[in-house]
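Accompanying notes for the structure given below.
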Amino acid sequence: MTMSRGRFIVFEGIDASGKSTQVKLLSEYLESLGEAVHVTAEPTAGPVGSLIRQAFAERVPLDDRTIAALFVADRVDHLTNSHDGILDLIARGVTVICDRYYLSSLAYHAGDVDASWIEHSNSISTDLLRPDLTVYIDVDPDVAGSRLMERRERIDKFEVRDRLLSAYKNYEDALPAAARRESVVRVAGDRPREEVFNDVIHAVQSAGLVSV
């Protein structure tokens, strides 16, 4: 008997868009239907991802271009490693839900590294695996900035706003091309999480990834 292939569902969006909440809700929903589900995120907790996290925490000084390259390496390892690689999980029939994938590199690194380099280098990953569905949680940068300000006391609101605006614009630039190659659904994220989740479920069902 041939084992059915698992699905690969990705959530994208700027910081504080509510992605992580929707990842959790979707994983619980699919598990309630008897699906085998693995939740993961980028940067990963693996050796390369851990170095990226240390750089973000300013424990390891790294140039922005180096960080962009590390994300590429982390993503390939995320797909191919023998411990919990996404490709192996999907081959075993596990549905993988990932918080961020290659579009995040285009959104967050395009200001530091040439966009064509980012797209070309990430083709290593997209040639290996494209998402069955990417859910983009669309939140106004000002709304996301307010959420971040509520979470953290020591934060420069102007720096945060500039970063969110840049990432938002880069997403808007990258999404149309992605939508021509794979299934991408935009969901308005500035609503109660239950309303957002209803749209997420509709997107998953419409993509044929779960029975209606």
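Details
- Scanning the range 114-129 for residues that are assigned to a loop (DSSP other than H, G, I, E, B) and surrounded by fewer than 17 Cβ atoms within 10 Å (Cβ to Cβ) yields one hit, D114.
- Candidates N170, N198, filtered to the one that is modelled with pLDDT of 95 or more, in contact with a Leu (Cβ under 7 Å, 6 or more places away or on another chain) and either in a helix (DSSP H, G or I) or under 13 Å from I14 (Cα atoms) (or both): N170
- Here the condition is being under 13 Å from the mean Cα position of the chain (by Cα), assigned to a helix (DSSP H, G or I) and modelled with pLDDT of 95 or more; of L79, L70, L103, it holds for L103 alone.
The values are calculated or read from the model by the stated rules, or taken from the named source; none is laboratory data. For clarity, every value in this text was computed on a predicted model and none was experimentally measured. Cβ sites come from the backbone with ideal geometry, for glycine too, and all protein chains shown count toward neighbours.
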